[in-house]
Amino acid sequence: MILIAGREGHQKHFTIHKKMLCETSPFFKAHCKPEWMKHEDGVIKLPEDNADVIQVLIFWIYHNQICITEIDETTSKINTCEEALKSPWGLFAQLYVIAQKYQMPQLRNDAIDALLDLSN
């Protein structure tokens, strides 16, 4: 299965096992049913989703842990909404929203735990 995340020009392609994706998300399980898959079988487009967050989601599916690289603790320098969304707080918050969107309660819980750990 191929997930294409991000807007045109800023897309990333991710390969994931269909079984793994469907086992962790009722949304994707329903989406992968033959009656819902389009002629481009094996491709799911996620144009509204941040590709970096989808990459974290895929890592979580395979390893059952959240991994965000290059966490910069200097959040006092945040001046724009875009910078806030790229901060650890913003990435974990976006991960929570994605988990809610794709019906992944365990990932949602893990995102909350990561936010709590970050605040300590």
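The values are calculated or read from the model by the stated rules, or taken from the named source; none is laboratory data. Source: prediction; values computed, not measured. Cβ atoms come from the backbone with ideal geometry, glycine included; neighbour counts cover every protein chain shown. These area figures cover heavy atoms from the full protein model, side chains too; ligands, DNA and RNA do not enter into them. Shrake-Rupley method; radii C 1.70, N 1.55, O 1.52, S 1.80 Å.
Counted residue by residue at 0.36 nm each, then reduced by the alpha carbon distance between them, the extension gain from VAL97 to ILE4 reaches 31.7 nm. The simple spin-label model puts a point 7 Å past each Cα toward its Cβ; for MET20 and LYS33 those points are separated by 2.5 nm. Site pair SER119 and HIS63 shows an inter-label distance of 2.5 nm when each label is modelled 7 Å from Cα along Cα→Cβ. Normalised per residue, the accessible area of the stretch 1-58 is 65 Å², obtained with a 1.4 Å probe and no contribution from ligands, DNA or RNA. For the stretch 1-41, the spread of Cα positions along the three principal axes, ordered from largest to smallest, is 29, 22, 14 Å.
Once amide H atoms are built 1.01 Å from N in the peptide plane, which residues 5 or more positions from LEU46, or in another chain, come under 5 Å H to H? Counting only residues 5 or more places away or on other chains, the set is ILE4, ALA5, GLY6.
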